[in-house]
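The values are calculated or read from the model by the stated rules, or taken from the named source; none is laboratory data. All of these numbers come straight from a predicted model, not from anything done at the bench. As a convention, Cβ positions derive from the backbone with ideal geometry for all residues, glycine included, and neighbour counts pool all protein chains shown.
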Amino acid sequence: MSRKSILFTLTLAVAIFLSACSGQASNESKPVKAVFADAGWDSIRFHNAVAAYIGEAAYNIRGEDIPGTTPITYNGLIAGDVDVYMEVWTDNLPTYKADLEAGKFKELGINFDDNKQGLYVPRYVIEGDASRGIKPVAPDLKTVADLKNYSHVFADPDDPSKGRIYGAISGWSIDEVMRKKVQYYTLDKDYIYFDPGSESASIASISAAYEKGRPIVSYHWDPTWLTGKLDLVLLEDAPYDSELYQQGRTECPSMNITIAVSNEFYEKAPEYCEFLSKYRTSSALTAEALAYIEDHNASMKEAAEWFLKEHDELIAQWLPEDKAELVRSKLNK
C-alpha cells in the first residue's frame with residue numbers, strides 16, 4: 001500500500017470515529033420526554049409544573065401533561081402511556097394496592113399525607129358570622145347524617161322542594177363513593193346530587209356562595225386555594241373503615257398521596273426517578289401555592305418558579321448539590 005493510501009485510510013478512520021462520537025453526543029443531549037398525568041385538578045397540575053421545571057433544569061427532561069379522568073390516566077400509567085403521576089389518591093383506586101404488588105408500575109414515595117375530602121359547608125351556616133350580618137341557619141349540623149334535617153336550607157335552585165348537594169366531578173373515582181354516601185344516608189330522598197362538571201365549576205360554585213353568604217353543601221378536598229382562604233367545615237362521618245369506605249358508609253381517609261412512574265420510565269430515567277423519590281410536600285404547602293395562583297392569576301409554571309424561590313430548603317432536600325445549583329441557576333436567570 002502506498003504512503004498516500006495509508007494516509008487516506010487513516011484520515012477516513014479518524015473521520016468515521018469523530019462522526020460516531022458526534023452522533024453519540026447528539027443522542028445523549030436529546031431530552032428525555034416525560035408524560036405527566038393531568039387527572040383534572042389544580043394541585044396535580046401544580047406538582048407537575050414543579051417536577052417538570054426541575055426535570056428541564058437539572059435532568060434533561062422535557063415534560064408535558066396529558067389530560068384525562070382518574071381511571072384513564074391511571075390505566076395510562078399501567079400501560080406506559082403516562083410516565084409520571086405526581087398525585088395518586090390511592091384509596092380512591094380500588095385496585096391500586098393489587099396493581100402495585102403485581103409490579104404494574106413503580107411507587108416512588110409520598111407527595112403528602114395530610115389531606116382531607118368529603119362534604120363541606122361554610123362555617124357561617126352553622127355558627128353565623130356577626131361581622132357579615134349572617135345568622136346561623138343550621139346550628140345543629142355536625143355530621144353528614146344531619147343533612148337530612150336541612151334540605152330546605154340548601155334548596156336546589158331548579159327544584160326548591162329539594163336540597164342540592166354539589167357532588168364530586170363525574171369521572172373522578174371519588175364521585176362513585178360520594179353518590180353511594182348520599183344513597184346510604186337516604187339523602188337522595190330530599191336532595192339532588194348535582195354534578196358540577198369540572199373542578200373550576202365546583203370551586204366557582206363554592207366561592208360564589210361564600211362571597212354572598214349563602215348556604216351551600218359541597219364535596220371538596222384539601223389542599224385547594226379554597227381551603228387555604230375560606231373558613232369551611234368538613235362534616236363528620238362514621239370512622240374510616242377500609243371495607244365500608246367504598247360503599248360510602250364512612251369518612252374519607254387521610255390517604256397517602258403517592259408519586260408513581262411507569263416501569264418503562266423508571267428504567268429510562270433512573271436519576272430523575274431518584275429525585276422524585278425524595279419529593280415531599282404537604283397540604284399546607286400545596287394550598288399556599290394554589291392560593292398564590294388564585295391571587296396573582298399565575299400560570300402553573302410561574303407558580304412553580306415562585307414556589308421554588310420561596311422554598312429553597314425544598315430544593316436542598318430533594319436534590320444533590322450539583323443538581324440543586326442547576327435549578328437555582330435557572331431560577332435566577
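Quick notes on this structure:
- Pairs where the first residue, in region 236-265, is more than 24 Å from Tyr279 (Cα to Cα) and the second is of a type in the set (Gly, Ala, Ser) and part of a loop (DSSP other than H, G, I, E, B), C-beta under 9 Å, 6+ apart: Tyr240/Ser254; Leu244/Ala238; Arg249/Ala238; Thr250/Ala238; Glu251/Ala238
- Screening Asn115 with (1) within 21 Å of Lys229 (Cα to Cα); (2) of a type in the set (S, T, N, Q); (3) loosely packed, with under 14 Cβ neighbours inside 10 Å gives one miss only, at (3).
- Filter pass, Ser242 being surrounded by 19 or more Cβ atoms within 10 Å (Cβ to Cβ), among the hydroxyl-bearing types (Ser, Thr, Tyr) and over 22 Å from His311 (Cβ atoms): no
- Restricting attention to region 93-147, the residues being among the charged types (D, E, K, R) and touching a Ser or Thr at 6+ places or on another chain (Cβ under 7 Å) number 4.
- Being out of contact with any Pro (no Cβ under 7 Å at 6 or more places or on another chain) and either part of a helix (DSSP H, G or I) or within 27 Å of Glu211 (Cα to Cα) (or both) is a property that Leu314 has.
- Considering each residue of region 91-100 in turn, at least one proves to be among the acidic types (Asp, Glu), under 29 Å from the mean Cα position of the chain (by Cα) and buried (at least 16 other Cβ atoms within 10 Å of the Cβ).
- Residue check, Ser29 at pLDDT below 95, of a type outside the set (A, V, I, L, M, F, W, C) and out of contact with any Asp or Glu (no Cβ under 9 Å at 6 or more places or on another chain): yes
- Which numbered condition Gly103 misses (of (1) surrounded by 14 or more Cβ atoms within 10 Å (Cβ to Cβ); (2) assigned to a loop (DSSP other than H, G, I, E, B); (3) in contact (Cβ under 8 Å) with a residue 24 or more places away in the chain): (1)
- Taken over region 57-77, the criterion of being within 20 Å of Ile174 (Cα to Cα) and in a helix (DSSP H, G or I) is satisfied by Thr70, Pro71, Ile72, Thr73, Tyr74, Asn75, Gly76, Leu77.
- Residue match in region 229-239 (condition: surrounded by fewer than 22 Cβ atoms within 10 Å (Cβ to Cβ) and within 17 Å of the chain's Cα centre (by Cα)): no
- Taking residues in region 167-193 that are of a type in the set (D, E, K, R), and partners anywhere that are in a helix (DSSP H, G or I), the pairs with Cβ atoms closer than 7 Å and at least 6 places apart or on different chains are Asp188/Val182; Asp190/Lys148.
- For region 277-301, the set of residues classified as surrounded by 14 or more Cβ atoms within 10 Å (Cβ to Cβ) and in a loop (DSSP other than H, G, I, E, B) consists of Tyr279, Arg280, Thr281, Ser282, Ala298, listed by residue number.
- When Ser151, Ser205, Ser131, Ser200 are screened for being of a type in the set (Gly, Ala, Ser), within 20 Å of Leu235 (Cα to Cα) and either in contact (Cβ under 8 Å) with a residue 60 or more places away in the chain or part of a helix (DSSP H, G or I) (or both), only Ser205 passes.
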